[in-house]
Amino acid sequence: MSEIRYTDQHEWVRVEGDIATIGITDYAQEQLGDVVYVELPEVGTQIAAGDEAAVVESVKAASEVYAPVSGEVIEVNEDLDGSPAGVNEDAMGSGWFIKMKIEDMDELDKLMDEDSYKSFVEGLD
Amino acid sequence: MTQAAAHDDLKITPLHALHIELGAKMVPFAGYDMPVQYPMGVLNEHLHTRAKAGLFDVSHMGQAWIEGPDFETVAGAMEALVPGDLLALAPGAIRYTQLTNNGGGILDDLMITRPAEADRANSLFIIVNAACKDEDFKHIAANMPTGVALKPITDRALIALQGPTAADVFAGFAPEAVEMNFMTARAMNVAGIPCLVSRSGYTGEDGYEISVPEKDAVALTQKLLAHADVAPIGLGARDSLRLEAGLCLYGHDINHQTSPVEAALLWSISKRRRAEGGFPGAAIVQKQIAEGVTRKRVGILPEGKAPAREGTGIADEQGNVLGIITSGGYGPTVGGPIAMGYIDIAHAKPGTKIFLAVRGKDRPAQVVTMPFIEKRFHRTKP
């Protein structure tokens with residue numbers, strides 16, 4: 001079983017071994033509206049937790065996506081280049097942004113689990 | 001929901017409750033609580049308007065009569081404030097023009113109609129931007145000669161029906177509107193409701209703007225929305241539609257520091273007005289016409305897929321600053337990023353290669369002619 005964690009900036013991270021798959025939550029894609037462009041980092045880039053990892057542009061505005069954990073980008077979702085709307089269609093699945101090799105597994109402890117994130121989002125409405 | 005509380009001090013339009021019922025996401029805009037989008041979403045609302053017909057609540061905009069002893073006196077009085085040729089307006093014709101300041105800058109842009117009806121022969125009908133209306137009305141009222149007065153219209157909503165099937169849809173409610181030309185207006189019954197109907201709009205599409213008594217606004221809107229071709233459209237799509245059409249948004253693409261010449265709005269000033277002047281800042285505008293300007297508003301097409309938003313810097317290949325983007329985003333019909341902005345006149349020619357500084361990277365783009373889409377206004381007369 002993989003484990004999903006969430007940030008208060010509405011990123012999700014699915015952990016399998018020391019590999020993190022990162023995307024934005026369904027709540028985030030709904031708030032953004034139609035996604036028209038996603039700018040992804042180069043494979044090999046080192047990103048620290050909390051730093052900008054990607055930019056997602058909706059019809060309305062550009063929003064930064066922050067890395068939930070520190071590590072090296074090992075893969076980016078190139079499908080988003082041709083069909084950025086994939087983020088709206090399946091934000092938690094095929095609309096993932098990047099995969100990172102996690103440097104410090106302890107960083108995951110600072111993130112929210114599903115229940116905490118759910119109550120966090122409910123508190124926003 | 002904390003939303004209602006946060007918006008307590010905002011004004012609402014007569015259609016406010018209907019927007020909520022339709023599931024709109026409401027945002028503060030120009031002091032009003034307005035729909036930015038409906039459940040359809042900005043992208044599909046935009047595409048729907050270009051494919052069929054979109055219905056917009058623009059009741060937040062300012063409507064007013066300018067009344068006086070006769071048309072010539074009223075038109076002459078308003079010509080002292082705008083560079084548009086009002087004396088040349090035929091009955092029922094609409095003019096797009098600007099309120100200018102003494103520096104030749106733009107206080108607001110507006111539509112001025114000479115009503116076709118005999119009982120309004122001594123009036124002009126104006127529509128100004130929501131964010132500017134209080135200032136505009138004060139400014140106009142303070143500058144009218146004795147016998148000419150501005151009367152704000154506060155008991156009418158304003159709705160726009162825009163898109164390629166707008167005329168077909170509207171024919172079912174107001175058959176006589178079909179034969180109207182673009183930029184003309186007439187008083188007529190729409191579904192039995194007395195309205196002032198303009199064949200005009202701000203989307204690049206054919207369509208109508210309907211000034212309707214406040215008490216009938218919801219009923220008329222619901223009748224129009226009941227047509228299968230018509231969907232409610234929010235401010236989000238209104239912005240991307242006008243951007244694709246190359247139309248200015250006041251406070252962004254034009255302001256008190258941009259002149260009509262710099263803003264590429266010289267087409268809205270007739271030969272007579274260019275020669276005679278007689279509007280605030282005329283000497284500066286005439287000098288710009290004669291000697292040229294140092295910067296100009298142009299269309300900009302980014303080469304990649306990344307949108308360049310308002311405030312993005314424009315540079316040449318060597319990194320010299322050439323100007324700034326004033327409106328930019330994604331054009332759903334274009335299928336990519338589009339923008340407009342002010343650029344150094346030496347680089348304003350269509351086809352000129354420029355670079356846009358988006359997130360620290362210089363991204364190639366080129367100057368292009370606007371609109372970004374083909375306009376489909378209705379004109380039958382040559």
Radius of gyration and Dmax for the stretch B:318-382's Cα atoms, expressed in Å?
14.6, 51
Cα extents of the protein assembly as shown along the principal axes, largest first, in whole Å, come to 83, 54, 40
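Compute the semi-axes of the equivalent ellipsoid of the stretch A:3-104, taking the square root of 5 times each eigenvalue of the Cα gyration tensor, and list them largest first in whole Å.
On the way: eigenvalues 82, 36, 30 Å².
Its equivalent ellipsoid spans semi-axes of 20, 13, 12 Å.
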Residues in the stretch B:230-263 near a label at A:A61, defined as backbone nitrogen under 19 Å from the 7 Å Cα→Cβ point?
B:234-241, B:251-253
In the stretch B:127-168, whose amide N lies under 18 Å from the spot 7 Å out along Cα-to-Cβ of B:E72? List them in ranges.
B:145-148
Sort out for me the Cα centre separation of the stretch B:321-382 from the stretch B:54-81, rounded to whole Å.
31
In nm, give the distance between the simple-model label positions of B:R359 and A:Q46, each being 7 Å from the Cα along the Cα-to-Cβ direction.
2.1
Which lysines does B:K215 reach when only Cα atoms under 27 Å apart count, and residues fewer than 8 places away in its own chain are ignored?
B:K11, B:K25, B:K133, B:K138, B:K151, B:K223
Hey, any idea what the orientation-averaged projected area of the convex hull of the stretch B:1-74's Cα atoms comes to, in nm²?
7.7
If the reach is capped at under 18 angstrom between alpha carbons, list the lysines near B:K353, excluding any in the same chain fewer than eight residues apart.
B:K296, B:K305, B:K361
Based on the Cβ-Cβ distance of A:L124 and B:K271, what FRET efficiency does E = 1/(1 + (r/R0)^6) give at R0 = 51 Å, to the nearest 0.05?
0.30
Inter-label distance, nm, simple model (7 Å from Cα along the C-beta direction), B:A171/B:T146:
5.3
In what order do A:W96, B:W65, B:W267 fall by count of nearby beta-carbon atoms within 10 Å, going from fewest to most?
B:W267, B:W65, A:W96
If each residue's Cβ is checked for other Cβ atoms within 10 Å, how do B:K361, B:K305 rank with the fewest at the top?
B:K361, B:K305
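None of the figures in this text is laboratory data; all of them are computed from the coordinates on show. Keep in mind that what you see is a predicted model, and the values were worked out from it rather than measured. Every residue, glycine among them, receives a Cβ derived from its backbone with ideal geometry; neighbour counts consider all protein chains shown.
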